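Trainee: Dropping the structure in here first, questions after.
The values are calculated or read from the model by the stated rules, or taken from the named source; none is laboratory data. Not measured: the values here are computed from a predicted model. Every residue, glycine as well, gets a Cβ built from its backbone with ideal geometry; the counts of neighbours run over all protein chains shown.
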């Protein structure tokens with residue numbers, strides 16, 4: 001049997017067949033005891049980007065699933081920017097490895113009612129990172145496929161515009177989108193982080209020694225030579241510096257976001273709802289002018305169709321500055337209270353779209369432990385939705401759910417209970433259910 005480390009590297013191949021073959025060998029090794037796996041625990045990550053948008057460690061959907069099971073997680077959810085390309089692969093992998101699961105799409109939308117306020121995208125008034133959680137397929141039908149393609153095309157147009165601008169600065173290593181950038185992606189969805197990786201790699205051909213490279217980059221980025229020399233040996237770190245100095249505010253590649261550059265929140269939510277996904281508001285940390293008006297913001301979001309929220313806990317507690325940490329923890333607590341008052345499920349995770357982000361949240365830390373039940377219930381609810389939506393179109397926002405539950409809280413309790421007790425080994429028993437099935441009958445069947 002090949003070495004485990006070699007097989008795990010193949011999980012991140014851009015070739016789907018190679019990924020699948022490596023996973024099958026790893027599962028065989030686990031089933032025969034050659035590869036020991038820990039018991040499934042109670043931790044989870046419901047916001048993981050894969051290399052179909054960008055993963056800071058280069059992980060594919062298959063790799064995420066395997067590494068999650070190898071870490072003893074009980075659930076994972078895939079979330080990629082602007083595409084659903086990895087959904088089928090991810091959900092199939094979760095089924096094979098016995099993990100509860102979910103899948104979503106993240107994009108940026110224009111929110112007209114908050115056109116003058118920053119929401120969760122710093123420096124971009126009126127623009128909000130926004131998710132649809134609970135997709136069960138990589139494909140969407142008819143006109144929705146055209147709209148989904150438009151999301152990806154709009155994102156790629158922005159990426160190509162950044163290349164054109166940054167190339168005017170980095171003329172010696174100017175990128176060609178087709179030849180230098182797209183080969184880094186499995187399905188043509190290039191992001192700013194791909195550009196930084198491409199610029200970094202291309203710069204290595206300028207000189208065989210880091211001293212000369214440090215001088216080059218220092219001059220281009222306007223940083224001390226010592227900073228460039230220290231960062232260059234660590235590609236992810238230095239690529240972050242490239243991004244900060246060339247593509248963010250003040251950089252030659254930065255473009256002020258305009259509302260017309262993004263789809264409207266209503267348009268995006270219609271796509272999500274039509275395909276069984278849950279429109280989900282992304283909370284940042286409560287410090288923006290939009291999030292400071294959280295009551296009004298949540299009213300606007302829910303009026304547009306939002307029925308859940310997500311957050312990245314690490315941003316709200318793991319902060320060196322004590323005063324900033326105190327402020328953000330207070331904002332986190334106030335936001336969680338809002339979700340409880342409004343019966344909004346919470347989905348949490350670490351993203352992993354930048355090197356250095358955790359594989360799983362430190363959910364046992366004193367700062368997060370008070371919210372563990374809220375986060376866990378969100379995980380169970382998403383898993384319950386995913387199973388019922390995939391097998392019978394009876395997801396969280398389905399006509400069935402609308403007709404059989406008298407309140408949102410009743411619905412939440414059901415999907416949490418169902419998602420807690422259903423597991424991939426029981427999916428075959430779901431084939432007989434239909435929209436005529438009573439919720440209590442479903443729960444009795446699980447017992």
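Trainee: Just checking, how many residues over segment 389-399 are touching a residue at least 40 places away in the same chain (Cβ under 8 Å), more than 22 Å from the chain's Cα centre (by Cα) and assigned to a helix (DSSP H, G or I)?
Mentor: Counting residues in segment 389-399 that are touching a residue at least 40 places away in the same chain (Cβ under 8 Å), more than 22 Å from the chain's Cα centre (by Cα) and assigned to a helix (DSSP H, G or I) gives 2.
Trainee: Follow-up question, since we're still on this one. How many residues, within segment 341-356, are closer than 16 Å to residue 76 by Cβ, part of a loop (DSSP other than H, G, I, E, B) and at pLDDT 95 or above?
Mentor: Residues meeting the conditions: 3.
The rows are residues; the columns are (1) modelled with pLDDT under 95; (2) in the same structural domain as residue 361 (by TED's automatic domain parsing); (3) over 30 Å from residue 368 (Cα atoms); (4) touching a helix residue (DSSP H, G or I) at 6+ places or on another chain (Cβ under 9 Å).
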position	(1), (2), (3), (4)
4	yes, no, yes, yes
11	no, no, yes, yes
18	no, no, yes, yes
25	no, no, yes, yes
28	no, no, yes, no
41	no, yes, no, no
74	no, yes, no, yes
85	no, yes, yes, yes
91	no, yes, no, yes
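Trainee: Of all residues in segment 354-370, which are crowded, with 20+ Cβ neighbours inside 10 Å and touching a strand residue (DSSP E or B) at 6+ places or on another chain (Cβ under 8 Å)?
Mentor: Once the filter is applied, which keeps residues that are crowded, with 20+ Cβ neighbours inside 10 Å and touching a strand residue (DSSP E or B) at 6+ places or on another chain (Cβ under 8 Å), segment 354-370 yields only 361.
Trainee: Which condition from (1) touching a helix residue (DSSP H, G or I) at 6+ places or on another chain (Cβ under 8 Å); (2) assigned to a helix (DSSP H, G or I); (3) surrounded by fewer than 16 Cβ atoms within 10 Å (Cβ to Cβ) is the one that residue 137 breaks?
Mentor: Status for residue 137: all satisfied but (2).
Trainee: Say we look at segment 307-321 and pick out the residues that are under 21 Å from the mean Cα position of the chain (by Cα) and surrounded by fewer than 21 Cβ atoms within 10 Å (Cβ to Cβ); which of these is farthest from residue 377 (Cα to Cα)?
Mentor: Among those that are under 21 Å from the mean Cα position of the chain (by Cα) and surrounded by fewer than 21 Cβ atoms within 10 Å (Cβ to Cβ), it is 318.
Trainee: Please state which one of 156, 160 is without any contact (Cβ under 8 Å) to a residue 24 or more places away in the chain and within 30 Å of residue 217 (Cα to Cα).
Mentor: Just a single option satisfies the conditions, and that option is 160.
Trainee: Okay, moving on. Filter segment 1-21 for residues that are part of a helix (DSSP H, G or I) and in contact (Cβ under 8 Å) with a residue 24 or more places away in the chain; which is farthest from residue 89 (Cα to Cα)?
Mentor: It comes out as 4.
Residue-wise test of (1) more than 30 Å from residue 149 (Cβ to Cβ); (2) in contact with a helix residue (DSSP H, G or I) (Cβ under 7 Å, 6 or more places away or on another chain).
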| site | (1), (2) |
| --- | --- |
| 235 | yes, yes |
| 244 | yes, no |
| 250 | yes, no |
| 257 | no, no |
| 265 | no, no |
| 276 | no, yes |
| 305 | no, yes |
| 310 | no, no |
| 316 | yes, yes |
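Trainee: Scanning for something surrounded by fewer than 19 Cβ atoms within 10 Å (Cβ to Cβ), within 25 Å of residue 256 (Cβ to Cβ) and in contact (Cβ under 8 Å) with a residue 12 or more places away in the chain, does segment 207-219 turn up at least one residue?
Mentor: No, because not a single residue in segment 207-219 is surrounded by fewer than 19 Cβ atoms within 10 Å (Cβ to Cβ), within 25 Å of residue 256 (Cβ to Cβ) and in contact (Cβ under 8 Å) with a residue 12 or more places away in the chain.
Trainee: Select, from 81, 44, the only residue that is in contact (Cβ under 8 Å) with a residue 60 or more places away in the chain, buried (at least 22 other Cβ atoms within 10 Å of the Cβ) and farther than 19 Å from residue 17 by Cβ.
Mentor: From the options 81, 44, the qualifying one is 44.
Trainee: Name the residue that is surrounded by the most Cβ atoms within 10 Å (Cβ to Cβ), counting only residues in segment 254-277 that are assigned to a loop (DSSP other than H, G, I, E, B) and at pLDDT below 95.
Mentor: Looking at residues that are assigned to a loop (DSSP other than H, G, I, E, B) and at pLDDT below 95, I get 262.
Trainee: So which of 187, 145 ends up being assigned to a loop (DSSP other than H, G, I, E, B) and farther than 30 Å from residue 420 by Cα?
Mentor: On inspection, the qualifying residue turns out to be 187.
Trainee: Taking segment 72-89 only, how many residues are in a loop (DSSP other than H, G, I, E, B) and either within 15 Å of residue 136 (Cα to Cα) or touching a strand residue (DSSP E or B) at 6+ places or on another chain (Cβ under 9 Å) (or both)?
Mentor: Residues flagged as in a loop (DSSP other than H, G, I, E, B) and either within 15 Å of residue 136 (Cα to Cα) or touching a strand residue (DSSP E or B) at 6+ places or on another chain (Cβ under 9 Å) (or both) within segment 72-89 amount to 7.
Trainee: I would also like to ask the following. Please verify whether residue 418 is surrounded by 15 or more Cβ atoms within 10 Å (Cβ to Cβ), in a helix (DSSP H, G or I) and over 22 Å from the mean Cα position of the chain (by Cα), treating the condition exactly as stated.
Mentor: yes
Trainee: If a residue has to be in a loop (DSSP other than H, G, I, E, B) and surrounded by fewer than 23 Cβ atoms within 10 Å (Cβ to Cβ) to count, how many in segment 90-117 make the cut?
Mentor: Result for segment 90-117: 4.
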